[in-house]
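These notes concern the structure reproduced below.
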Amino acid sequence: MTLSSPVLIGRSDLIELAERRLSEAAQGTGELLLLAGEAGIGKSRLLLEISRRAVAEGFAVVGAAAAPGDLEVAAGLLTDLGAGLRRDPATEATGIRIGQRLRDGADGDPDRHRRLLVADLVEMIERVAACPRPMLITLEDLHWADDLTLDVLGRLALRARSLPILLVGTYRSDELYPRVPMRRWRARLLTQRHAEEIRLPRLGRADTAALAAAILGEPLAGPRVSAVFDRSDGIPLHVEEFLAAADGVPDTLADAVLFRAEQLGAAARELAGAASVLGRSFDLDLLAAITGEPPAVIDGALRELGERFFVQGRGDGLAYDFRHALIRDALYAELTPLRRRELHGRAAEAAAAVGFAAAFVSDQYERAQRPKEAFPYAVRGAAEAGDLSAHQEAADLYRRALRTVDPGFDRAFLLAALAGELAAIDDNEAADRAYAEAYELRIDAGDPLAAVGLLPEWVAVRHLLGDGLEQRVSALRAGLPLAEGATLARLHSALAAAHMLDRRLAEALEHGQRARALLGAAPDHDLDATVGSVLLFLGRLDEGCELLEDVITRTVAANLEREAARAYRMLGSSASVLVEYDRAERWLTEGIAYAERAERFNDRHYMAAHLAHVRWATGDFAEASAQARAALADGRGGITTRITALHVLGYSALVADPAAARSFLTEAAELGGAMRELQRVSPAWWGLAELALLAEDPDAAIARCEEGYAASAAVRDASYLFPYVVTGARAYLAGTGPTQARDWVSRVAPLIADRAIPGTLGALDHAWGLIHLAEGQTGKARVRLAEAASFWSGRRRFWEGTAVLLDQARCAHRSRRPGEAAALVAAARSAFGPLPAAWLAGTPAAAGSGESPLLTAREFEVARLVAAGRTDREIAGQLVISPRTVAAHVEHIRTKLGVARRTQIAGWLATVEPSS
């Protein structure tokens, strides 16, 4: 199966240039444009796009292509061009004449005959260009064109400058061998400025990722993007083929490589096979050592491989690269097993003798099936890779060490080291298995202290796989009786972190203090980071930030990557939750860059998801959604990253796509609920509450708000409670009335005030402003809402900041300040774009939307039924809502209209709808 991209990726600049040349040709100034690039780079696809645009601009388009055998056949491409012209009635006669002229015999002087033939063919094609429409002639695979064809095209390129004709030809830059006619022809035309050439470069990693996403219809996870990019070298055709192939080298590409290899001389073919065992890049001295060939033979073979575009030299010529990874892979696959093993053994011995990297030596020994010699190099290479932040390479090398391990070596040590590297690259399921096996080996060996020493890191991995607080605390507590000294302190530090993540701040501080007492003055970066985060959520922002920033400074300076990445993510993600968005942007951006350099992929994806949350919170919904989707695609098993990304996707779709929002938030709530952590589940419940309000379902919104309040109240939390303050006030006002809304705010206010987290306090002003407005106290409402508007604006909190503008507009509208009300609605629209109907109720904008400027759509519906004389129970039955909800709507209507009796509602309705 072959996959292809529905769109052209990474070629916008080339398309723009081609469009300019089409425009110039349409004005009578044409040229010959050459598209150059290696096989599979996308020349034909670009040519097709140019042709499509030419047709749209009114061009006549005709195409021809050379074939591999045309080098030996005179005018093969011109014959194809004549056939193409015959297919169009407007050019059919010229196409026939070209065919006849090419078939004419060559009597007399052959040189004179050729000159006349070239002149006649050029004149014929010129006549075609004189037709009413401008013309595009496409010429594919010119590297296979013969001398006669190239002579005609060269002369035509000169004439095109005064004709409405654009000639576009393609050729493979890796097929211009010394004896290919086009090589000199091209050099002459370009040197004399008779043609223009553009080269198609390979795609970069970002464009390769975009191409893969276009082919598959969804983003590719980061590690798979890297694998496809590394193997395809950014060549679009190779990307498509590798995505279609399950593994190995796609047959189509391997066959093409081997066909070319068959054209090589025996020495070059043998040398290429030997070089393939050394990898994509190879050292000349090492190659000479394993082949044993004399320098003259090696030099000649390398020269041929270079001319045939199999390899290319680097630097001073002592190192070489295969031009494509697939060339090396195909040649390597063709070696017989015994020959392959022999060459690997020679390479290992030679590399070890001259001090090559341990990772390379271990690989060669293992491929030579000499495990005893591979093992020590694998262990050394893994440690070196970890020190250089190459965690994926370190994990691979520890796996090799486990495959080749000496029976007497400490296998548990290797497993624990492997688990740490796997956790760093976010392969949490594999890390969990490695920790479990290492733990069992330690217990079986009678070393319980070493076994429980694995628990803090193992429990951290289990957290990412979804274990709730009880499971993690239980595992850590089970280790306390077996631990002592520094190990005991680490267990208490891990318990502090576990409780902190669930916002059980008192328990977190208690375990943190125990750990500190056990450690004395000895520094513990993880413990300090945990305590710093606890201080943040206790509302002691300056203390918490100072401590976390100090941990970052210390750990970065000491090159303690895990500890530094953890401190970055704790500070950045906490700031994003606590409405400290400037601080969050700084530390998350720095932390993402640090985690990328250190290959701490789980930390990087987690911070990216929180940065997406900051983008949503500050009003950039499109960027928030894009970043969340990228984090989701790259998360690879990190459930906390997935949950946060789902929150952001749900929030971003609340207005634009409620069904998608519900799907995202419901999944997040289910995942977070399974973890039983406040910070994982509460944000999803809030999003679902907002979704219910937008759907004018106050009962569902109230239920979600009460759920969120209960969860926060259980741990005395304010950071996840604050969004519910305003949402709950709106829900109660819409569902039951001001009395219950007052009760709600009175219950949540002590928690907000007790923690006194600066970024949460404005929610109380906003909620009270809504209640005052519903009660008709517009003066008080105006003051409170103005304070809330200033607060949200200062905090860059976009959702509530937009909503409060409309609340102020409602207040101004009821206070007979129409200009102010209209300006506020306009400001909200300018910031947000199209506003949800539920937000516009009671504003001047609602007057033209089919509802009362004072009443919501549902309230207006209830008012009509009240005016018709229906009872609350009858209205409930007709609207399929509860009688209690009907009573609440009636109370709101009376409050908004300033009336006391149902008959007065009917009277008011008559003034609004005289015909009713």
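When every alpha-carbon pair in the range 220-368 is counted, what percent end up more than 26 Å apart? It would help to have the intermediate numbers written out before the result.
On the way: 2894 of 11026 pairs.
Counting pairs separated by more than 26 Å, the tail of P(r) holds 26 percent.
What share of all Cα pairs of the range 174-221, in percent, falls into each consecutive 5 Å distance bin?
Once binned at 5 Å, the Cα pair distances of the range 174-221 give 5, 17, 14, 14, 10, 7, 12, 12, 8, 2.
How large is Rg over Rh for the range 313-369, taking Rg from the Cα atoms and Rh as the Kirkwood inverse mean of 1/r across Cα pairs?
1.01
What do you get for the angle between helix 678-694 and the principal long axis of the chain? Use alpha-carbon atoms, 0 to 90 degrees, nearest ten.
On a 0 to 90 degree scale, this one is about 80.
Could you tell me the extents of the chain's C-alpha atoms along the three principal axes, largest first, rounded to whole Å?
Projected onto its principal axes, the Cα set of the chain covers 116, 87, 43 Å.
With a/c under 1.5 counting as rounded, go ahead and sort the range 154-306 into rounded, prolate or oblate using the C-alpha gyration tensor (a ≥ b ≥ c being the square roots of the eigenvalues; past the cut-off, prolate if a/b is larger than b/c, else oblate).
Values: a/c = 2.59, a/b = 1.16, b/c = 2.23.
Verdict is oblate for the range 154-306.
With N denoting the number of residues in the range 655-699, provide Rg(C-alpha) divided by 2.2 N^0.38 Å, to two decimal places.
Ratio of Cα Rg to 2.2 N^0.38 Å: 1.14.
Accessible area of Ser162, 1.4 Å probe, to the nearest 10 Å²?
Counting only protein heavy atoms, the figure is 90 Å².
What are the semi-axes of the equivalent ellipsoid for the range 327-484, taken as the square roots of 5 times the Cα gyration tensor eigenvalues, largest first, in whole Å?
36, 17, 13
Please list, by residue number, everything in the range 594-624 whose backbone N is under 18 Å from a paramagnetic label point 7 Å out along Cα→Cβ of Arg796.
It comes to 607-624, nothing else.
Give the dimensionless ratio obtained when the Cα radius of gyration of the range 622-730 is divided by 2.2 N^0.38 Å.
1.02
Report Rg(Cα)/(2.2 N^0.38 Å) for the range 420-539, keeping two decimals. Please report the intermediate quantities before stating the final value.
Values: Rg = 14.1 Å, N = 120, 2.2 N^0.38 = 13.6 Å.
Here the answer is 1.04, to two decimals.
Of the DSSP beta bridges with both residues in the chain, give the percent that are antiparallel, rounding to the nearest 5.
Values: 7 of 29 bridges.
Among the beta bridges of the chain, antiparallel pairing accounts for roughly 25 percent.
Assuming 1.002 mPa s and 20 °C, estimate D for the range 292-419 with Stokes-Einstein, Rh taken as the Kirkwood radius over Cα pairs, in µm²/s.
So the translational diffusion coefficient is about 130 µm²/s.
Between the range 584-645 and the range 118-170, how far is it from one alpha carbon centroid to the other, in angstrom?
What the calculation gives is 54 Å, centre to centre.
I'd like the distance between the alpha-carbon centres of the range 660-718 and the range 28-70, rounded to an integer number of Å.
57
When all C-alpha to C-alpha distances in the range 719-874 are sorted into bins of 5 Å, what percent of pairs does each bin hold, rounded to whole numbers?
2, 10, 18, 21, 21, 14, 8, 5, 2, 1, 0
Can you give the Rg to Rh ratio for the range 17-74, taking only C-alpha atoms and Rh from Kirkwood? Show your work: numbers first, answer last.
Working: Rg = 13.5 Å, Rh = 13.2 Å.
With Rh from the inverse mean 1/r over Cα pairs, Rg/Rh is 1.02.
Could you grab the relative contact order for the chain? Cα pairs under 8 Å, six or more apart, rounded to a whole percent.
Numbers: 1497 pairs, mean separation 56.3, N = 916.
The value is 6 percent.
Say a paramagnetic label sat at a point 7 Å from the Cα of Asp230, along Cα to Cβ; which residues of the range 413-435 have their backbone N under 18 Å from it?
421-428
With a cut-off of 8 Å between alpha carbons and a minimum separation of six or more residues, what is the relative contact order of the range 129-275 in percent?
17
Give the relative contact order (percent, whole number) for the range 690-757; include only Cα pairs under 8 Å separated by 6+ residues. If you can, show how the numbers build up before the last one.
Values: 62 pairs, mean separation 22.5, N = 68.
Rounded, it is 33 percent for the range 690-757.
Beyond 18 Å, how much of the Cα-Cα pair distribution for the range 384-442 remains, as a whole percent?
Roughly 28 percent, rounded to a whole number.
Fully extended, how many nm does the chain gain between Arg193 and Glu470 (0.36 nm per residue separation, minus their Cα-Cα distance)?
Separation in residues times 0.36 nm, less the Cα-Cα distance, equals 92.1 nm.
Please give, to one decimal in nm, the separation of the simple spin-label points placed at Ala622 and Ala333, each 7 Å out from Cα toward the Cβ.
4.3
What are the semi-axes of the equivalent ellipsoid for the range 571-632, taken as the square roots of 5 times the Cα gyration tensor eigenvalues, largest first, in whole Å? Could you put the intermediate results ahead of the total?
Numbers: eigenvalues 62, 39, 12 Å².
Calculated on Cα positions only, the semi-axes equal 18, 14, 8 Å.
From the C-alpha coordinates alone, can you work out the Kirkwood hydrodynamic radius of the range 73-223, in Å?
Result for the range 73-223 stands at 17.7 Å.
I'd like the orientation of helix 883-897 relative to the chain: the angle between its Cα long axis and the longest Cα principal axis, in ° from 0 to 90, rounded to 10.
Roughly 80 degrees between the two axes.
Can you tell me the equivalent ellipsoid semi-axes for the range 657-809? Use √(5λ) from the Cα gyration tensor, largest first, whole Å. List each step's numbers first, then the result.
Details: eigenvalues 115, 58, 44 Å².
In descending order, the three semi-axes are 24, 17, 15 Å.
Excluding residues fewer than 8 places away in the same chain, name every one of the lysines whose C-alpha is closer than 24 Å to that of Lys780.
Lys896
Can you show me the helix-derived [θ] at 222 nm for the chain, built from DSSP H runs with n ≥ 4 at -39,500 (n - 2.57) apiece and divided by the number of residues, rounded to the nearest 500.
Computed ellipticity for the chain at 222 nm equals -22000 deg cm²/dmol.
Taking every Cα atom in the range 536-693, find the radius of gyration and the maximum pairwise distance Dmax, and write them in Å.
When restricted to Cα atoms, the range 536-693 yields Rg and Dmax of 15.3, 51 Å.
Could you list log10 I(q)/I(0) for the range 536-601 at q = 0.15, 0.20, 0.22 Å⁻¹, which the Debye formula gives when each Cα is one point scatterer?
Here the Debye-derived log intensity ratios amount to -0.41, -0.72, -0.85.
For Arg184 and Glu270, FRET efficiency with R0 = 30 Å and r from the beta-carbon atoms, rounded to 0.05?
On the way: r = 32 Å, r/R0 = 1.05.
Taking R0 as 30 Å, the efficiency between Glu270 and Arg184 is 0.40.
With a 1.4 Å probe and all protein chains in place, put Ile881, Ile893 in order of accessible area, largest first.
On the way: Ile881 40, Ile893 0 Å².
Putting Ile881, Ile893 in descending order of accessible area: Ile881, Ile893.
Obtain the nm distance between the two label points defined at Glu440 and Gln27 by a simple spin-label model: each point lies 7 Å from its Cα along the Cα-to-C-beta direction.
Each label point is offset 7 Å from its Cα along the Cβ direction, giving 7.7 nm.
What residues have an amide H closer than 5 Å to that of Glu197, excluding those fewer than 5 places away on the same chain, when H is modeled at 1.01 Å from N in the peptide plane?
The list, which skips near neighbours in sequence, is Leu34.
Mind grabbing the base-10 log of I(q)/I(0) for the range 607-684 at q = 0.14, 0.20 Å⁻¹? Debye formula, identical points on the C-alpha positions, no solvent, two decimal places.
For the requested q values the scattering log ratios are -0.36, -0.75.
Express in Å², to the nearest 10, the accessible area of Trp144 obtained by rolling a 1.4 Å probe over the protein heavy atoms while all chains stay in place.
The value for Trp144 is about 50 Å².
Any idea of the accessible area per residue across the chain, 1.4 Å probe, to the nearest Å²?
Numbers: 37960 Å² over 916 residues.
Accessible surface, normalised per residue, equals 41 Å².
The values are calculated or read from the model by the stated rules, or taken from the named source; none is laboratory data. Keep in mind the model is a prediction, meaning the values are calculated, not measured. Positions of Cβ are backbone-derived with ideal geometry, glycine not excepted, and every protein chain shown enters the neighbour counts. What goes into the accessible areas is simple: the full protein's heavy atoms, side chains included, and nothing from ligands, DNA or RNA. Shrake-Rupley method; radii C 1.70, N 1.55, O 1.52, S 1.80 Å.
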